[in-house]
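Data first, discussion second: the structure below is written as structure tokens.
The values are calculated or read from the model by the stated rules, or taken from the named source; none is laboratory data. None of these values were measured; they are calculated from a predicted model. Ligands, DNA and RNA are excluded from the accessible area calculation, which covers all protein heavy atoms including side chains. Shrake-Rupley method; radii C 1.70, N 1.55, O 1.52, S 1.80 Å.
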Amino acid sequence: MDRFEKRYRKDIEKHLDYDTMKLRKQAGNVRRSLKKKSKGSRGKPVTEENWEDVSDQASRKRGPALDLRPPTSDWPPATDAAIVISVAGARCRVFQRGQEIDVVLRQKSDLAVGDRVTIAGDHIVAVLPRRTVLSRPDPSNRHRQRVIAANLDVVIHVVSVKAPPLRPRLIDRFFIAIQRGGAQPLLCVNKIDLLADDAELTALDPYRELMPVILCSTKTGEGLDALRGAVQRRTCALVGHSGVGKSSILNALDRRLQLSIGELHRAGTGRHTTTASTLYDFGDETYLIDTPGIREFGLWNLRADTLAEYFPEFAEAAEWCRFNDCSHLHEPDCEVKRRVTSGAIPAARHDTYRRLVEDLSAK
Ligand code: GDP
Ligand code: ZN
């Protein structure tokens with residue numbers, strides 16, 4: 001018996017006669033929440049028998065979070081801070097007043113692309129506080145954070161459905177890391193020219209509820225205008241598995257860029273085309289950051305008991321679980337599990353959640 005199970009067995013013993021009361025409470029909750037939402041419009045009465053269906057329907061109706069937050073007005077900082085374009089050891093390249101200059105970092109610090117820094121002569125004197133980050137565990141020491149890029153408005157996860165095949169678990173992991181770092185997620189599905197029909201996109205359905213999804217093809221140009229609109233006046237990082245078309249997208253968005261394409265396939269060694277993150281100035285306060293192709297994305301400093309916070313589609317259901325600290329895995333009367341069974345919560349997402357809890361508990 002693991003510690004979760006032990007704890008919940010105890011809870012069950014304590015709360016056994018709560019069942020009926022709880023059911024009534026849940027029916028009441030649904031009734032109230034629907035009343036609030038529909039502001040008095042007519043609907044079927046909510047009873048102890050049908051509250052589950054009604055709350056499923058309500059959760060399905062919640063639309064995708066399609067609009068991006070406007071760029072904040074207090075950013076960039078009013079100082080004449082420079083922005084870090086690339087980092088190589090203690091040397092780094094920055095933009096300052098429209099010019100690219102090379103500077104050195106004298107103290108040891110984990111500088112990242114996108115950082116705002118102040119400069120004196122040829123060296124950095126201060127790194128300004130970060131607004132958002134995208135980070136992962138350092139590959140050489142997983143207890144340390146490696147910041148992939150800083151001060152991002154949007155993290156664009158580029159995926160392809162066919163070649164390379166879609167990896168929903170990587171989307172799930174990036175989505176957690178993006179939420180934790182404070183930037184907004186955007187899913188960009190490239191190479192749609194390779195798809196025979198829309199049925200091949202069904203695996204993406206769970207994500208349409210969670211973040212804006214843009215379908216595009218650098219071959220046909222489809223979706224590129226939507227992407228241009230989404231990145232405008234923002235700092236965005238492109239992340240994803242190598243070979244999905246990140247460099248192709250950057251080149252397509254700005255014809256002056258000439259990033260090398262598809263070295264992965266030519267060399268056949270599985271090595272990444274891009275080796276470090278680089279920031280590109282697209283003008284009009286638009287900065288795009290190319291990041292190294294990533295196959296595995298570790299999660300930094302994450303705890304099993306707070307993981308559910310990063311699965312927003314569980315949040316409403318979790319309010320109905322019998323136990324306040326329900327793990328949504330083993331407990332009886334778990335509304336999250338019930339909605340997974342009914343199909344209101346995508347089973348694939350719950351499956352990722354379960355695997356991550358198991359991974360994190362094993363550590
Ligand atoms: P990166 O590793 O993510 O930077 O991917 P690349 O931009 O290097 O592209 C990898 C391969 O995918 C190259 O052979 C590109 O020509 C190809 N590619 C990129 N975009 C598309 C697309 O929209 N459709 C198709 N069919 N192939 C693409
Ligand atoms: Zn639960």
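Things to note:
- Note on surface exposure: Tyr207, Tyr310 rank Tyr310, Tyr207 by accessible area, highest first, 1.4 Å probe.
- For the residues Arg256, Arg339, a 1.4 Å probe over the protein chains yields an accessible-area ranking, largest first, of Arg256, Arg339.
- DSSP-defined antiparallel bridges as percent of all bridges, region 100-163, nearest 5: 90
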